[in-house]
Every structure is written in C-alpha cells, then in structure tokens.
Amino acid sequence: MLAAPFYLLLFTRGAYAWTSLQTHLFMWTPAIAGLLTSLIVRRKVVGFGFRLGRLRHYLISYLVPILFCLPVYLFTWATHLGEFRGLISFRRFPIPAGVPGFLILLLVAWVAAPLAMIDTLGEEIGWSGLLTPRLIEITTFTRASSIRGIIWSVWHYPLVIVLLPRFRRDLPVWYALGCMTISITAIAFIYTWLRIRSGSLWPCALLHAVSSNTQDVFEAVTKSTGPTHYITYEYGIGFAIVLSILAFIVWKKTA
C-alpha cells in the first residue's frame, strides 16, 4: 500500500517524471511497512536484527557481488558480446583509462558502499528485518527464500515496466522482468542464509549496497556491441544463470 502512490506516479506521469529523490523515498517503503506492521501486531523490533554481527559476514557482503559480476562480465568481454572500455571520466570525475581506472572506480564504489546503505537499509529493514525471520519461523529455508525473492521481484515490476524503456530501449520488458525475477529470487537464498548466519540485517544491507555499486561499475566499463544488454546487469541472462548457480550451492549447504 505504501508503494502505491509511487506506482501511480509512474504510470500517470511517465518515466521522465521519476527522480532520484523518489527512488530514495521508495526504497524506504518496506522499512516503514515493516515497522508499522510490527507496531500493529505488537511484535518487538528487537527481532529485526539490529545488532551488528561479526566481521566475517561483512566480508561476505563484499565477496558475493564479485562472485556474480566477474564471471558474467569476463565472459561478455572475452566473447565480444560486449566490449571492455577504459573510462576517461565517470560522472564528471576524471578516471585513468584502462584496467587501472576500472580498479580505482571499483575501489571507490566499495568504499562508498556503507554510505549507500542509507537507501538499502530501507529495503532490508523490511525484507531482512521482518519478512525473512518471520518466514523462517513458519516454513522451510527454501520456501522462505523463494517467497522473499518473489515478493521482492514483484515490488520492482512497475519500476521496470515504466523506467526500462527510458534506459534500455533495446531490451524487451518481458525479457528484463524474467531475468530480473530469476536473479532476485536466486540471490534471495544468499540474503536468507546471510541473515540467519549473522543474526543481523546490517550485512544484508551492506550486501545490497555493494551489489548495486559493483554491478554499476562493471556496467559503466562495458560498451554495448549489440547483444550486450541481453547478457549483463540484473536484466540480463548472465546474472540469472550465475546467481542461480550460487543459490544452488547455498541451498545444498543449508536446506
């Protein structure tokens, strides 16, 4: 319900009326919904997992994005389905060309990830704070992860339907929705595992931020050669395949 006004804005005013401020506010609707729900049912927010947890779980938050980004983009570059390009500038900041520039950009993105948690925390209070622990209480790891992933995916659908044609005109919306749903549902298994193991939502919020920043960097240094957008990023088949493999590994060790 809290997201409904944002969906209404999208469908009535179109993609070009959507701003970064609306994105920030939209990402906090799961948190507000989760906190209000807890208040209504008198469920203590201490169960959301606000304790910090251990260092190793934060290191995992940095490792996972590399595990699914690196194989996809290396394959894309090696097969010329996309072209690696060294950036001269990125968002008006001068960056050295080639691999050094890419590594600098990636390091900056990782250092900035905790700041990006200002947004991702809004989602993870809802998904990892309330939804995941509650699902684990009443069903299996597999079902809990799948349900979280499907809900998380559908929540994004209106944004993809309206905004995708603005940024990726060459990619059919149905294809993007399919790949995104597989990718999000698959990575939900990792989020569920991380939430259970850490007992904290903070590593999940960091994973969310690092994932977003890392894939943005890889995408920024990749030049489309035609089929590129069908392979890369969260709307491409590459992430869907690699994240499904990672999800299967986590499922085998956990379920």
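Given 20 °C and 1.002 mPa s, how large is the Stokes-Einstein diffusion coefficient of the stretch 63-186 in µm²/s, with Rh as the Kirkwood radius over Cα pairs?
123 µm²/s
Say the dipole of the chain comes from +1 at the beta carbon of Lys and Arg and -1 at that of Asp and Glu; which of 224, 186, 101 then lies farthest toward its positive end?
The residue sitting most towards the positive pole is 186.
Once fully extended, how much extra length lies between residue 150 and residue 173, figured as 0.36 nm per residue of separation less the alpha-carbon to alpha-carbon distance?
Taking 0.36 nm per residue and subtracting the Cα distance, the gain is 6.5 nm.
Residue 1 to residue 42: FRET efficiency via 1/(1 + (r/R0)^6), r the Cβ-Cβ distance, R0 30 Å, to the nearest 0.05?
According to the calculation, E is roughly 0.90.
Expressed as a whole number of Å, what is the distance separating the alpha-carbon centroids of the stretch 154-184 and the stretch 7-73?
Cα centroid to Cα centroid, the span is 18 Å.
Taking the Cα-to-Cβ direction at residue 17 and at residue 99 and moving 7 Å from each Cα, how far apart do the two end points lie in nm?
About 4.9 nm separates the two model spin labels.
Which value, in debye to the nearest 20, gives the size of the charge dipole of the stretch 44-191 about its Cα centre, when Lys and Arg are +1 and Asp and Glu are -1 at the Cβ?
The calculated dipole for the stretch 44-191 is roughly 180 debye.
How high is the FRET efficiency from residue 137 to residue 66, r the C-beta distance, R0 30 Å, rounded to 0.05?
In this case the efficiency is close to 0.40.
If packing is taken as the mean number of other Cβ atoms within 10 Å per residue, what is the order of 62-69, 159-166, highest first?
Taking the mean over residues of other Cβ atoms within 10 Å, the ranking is 62-69, 159-166.
List the DSSP H helices in the chain whose Cα atoms stretch 20 Å or more along the helix axis and whose mean Kyte-Doolittle hydropathy is at least -0.5.
55-78, 98-124, 141-167, 173-198, 202-220, 237-254
Which order do the peptides 210-223, 176-189 come out in when sorted by mean C-beta neighbours inside 10 angstrom, highest first?
Listed from highest to lowest mean packing, they are 176-189, 210-223.
If you place +1 on the Cβ of every Lys and Arg, -1 on the Cβ of every Asp and Glu, and leave all else neutral, what size is the dipole of the chain about its Cα centre, to the nearest 20 Debye?
Computed charge dipole of the chain: roughly 580 debye.
Which of these values of Cα Rg over 2.2 N^0.38 Å was calculated from the structure shown: (i) 1.68; (ii) 0.96; (iii) 1.01?
(iii)
What distance in nm separates the simple spin-label points at residue 9 and residue 157, each placed 7 Å from Cα in the Cβ direction?
About 2.2 nm separates the two model spin labels.
Hey, rough spin-label estimate for residue 24 and residue 50, points 7 angstrom out along Cα→Cβ, what's it come to in nanometres?
My value for the distance between the label points is 2.2 nm.
For every helix of n ≥ 4 consecutive DSSP H residues, a contribution of -39,500 (n - 2.57) applies; sum these over the chain, divide by its total residues, and give [θ] at 222 nm rounded to the nearest 500 deg cm²/dmol.
Helix-only estimate at 222 nm: -23500 deg cm²/dmol.
Any read-out appearing in this document is the output of simple, stated calculations on the displayed coordinates, not a laboratory observation. Note that the structure is predicted; figures quoted are calculated from it, not measured. Please note: Cβ atoms are built from the backbone with ideal geometry, for glycine as well, and neighbour counts cover all protein chains shown.
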